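Computed from the coordinates by the stated procedures, all read-outs in this text should not be read as laboratory data. Everything numeric here is computed off the predicted structure, so don't read it as measured data. Heads up, the Cβs are rebuilt from the backbone with ideal geometry, glycines too, and the neighbour counts pull from every protein chain shown.
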Amino acid sequence: MDSQTSHRNPKKQISMTLWMMMLRFSTLLGISKAFLVGKDFGAVPAFLLAVVHPDTVSGVITLGIPFLIPGPVGIQFDLLPKGFYILRWAEPGRAEADFGRFDVKTVVRNIYILFSGSELQVAGDDQEIMDLVDPSTPLPPWFTEDDLDVYATLYRNSGFRTALPVPYRCSPLDYGVINPKVTAPLLIMGEKDCFIKFPGMEDYMRKGIVKQFMPNLDITFMPEGNHFVQEQLPEQVNELIITFLNKHFI
């Protein structure tokens, strides 16, 4: 990192770095144009690259997150309750302290239990987000103890140092482009994904507001799908992705 970039907004710089890495990686592999697939926060660098360098992107497939911009047509953060998990985890050190009360395996278990449900996760004044989980609650049927062991091992090695600041403490929605547009997009959304209950989000997707920025958007709502739809229903999700690729591949 040079001396000039080090003085930029560090929150915005994280998002810029992600799409720049994607671009450089494609260049190194000799790939001039590619389809991008992003889940949750992974949708953000995919959209950024598609907006800033549209000549390098054949299409964008996202799971759980539509194209968003700041303001009344995007996520209306001012309407979220103060105990909402995003607002809590945006506070430096708060999630770390919350997670630190438990072993890594319990934290991962709690996250899968919390976010496989359809309700927004909001803690009371005397609670942290991890306190919302009843320890006796079983894992979702599609997520096994073996899966949990694998994920817990990964997070024991990496920690949550990147997993928390990147999605919750950066400013990913400023594309730096007037009237941003994304061509050839597909959104796969679980009907039971709690994200749909964010203020204004259901209207944004179902009433076509999002098509101001993605006129050719294909949206598939999966009736039983939740926030982890790609793990919950992998065969159906893969089929949707392959169908989209076949439709748009030239």
From the C-alpha gyration tensor of the chain, pull out the three semi-axes of the equivalent ellipsoid (sqrt of 5λ each), sorted largest to smallest, in whole Å. 29, 22, 20
Rounded to two decimals, what is the ratio between the C-alpha radius of gyration of the stretch 78-168 and 2.2 N^0.38 Å? 1.08
Per-residue Cβ contact counts at 10 Å, fewest first, order Ile113, Ile129 as Ile113, Ile129
Where does the charge balance sit around Asp147 when Lys and Arg score +1, Asp and Glu -1, over other residues with C-beta under 14 Å from its C-beta? -2
Estimated dipole of the chain in Debye, rounded to 20 [Cβ of Lys and Arg +1, of Asp and Glu -1, Cα centre]: 1040 debye
Need one word for the stretch 73-118: rounded, prolate or oblate. Basis is the Cα gyration tensor (sqrt eigenvalues a ≥ b ≥ c); a/c below 1.5 gives rounded, then a/b vs b/c decides. oblate
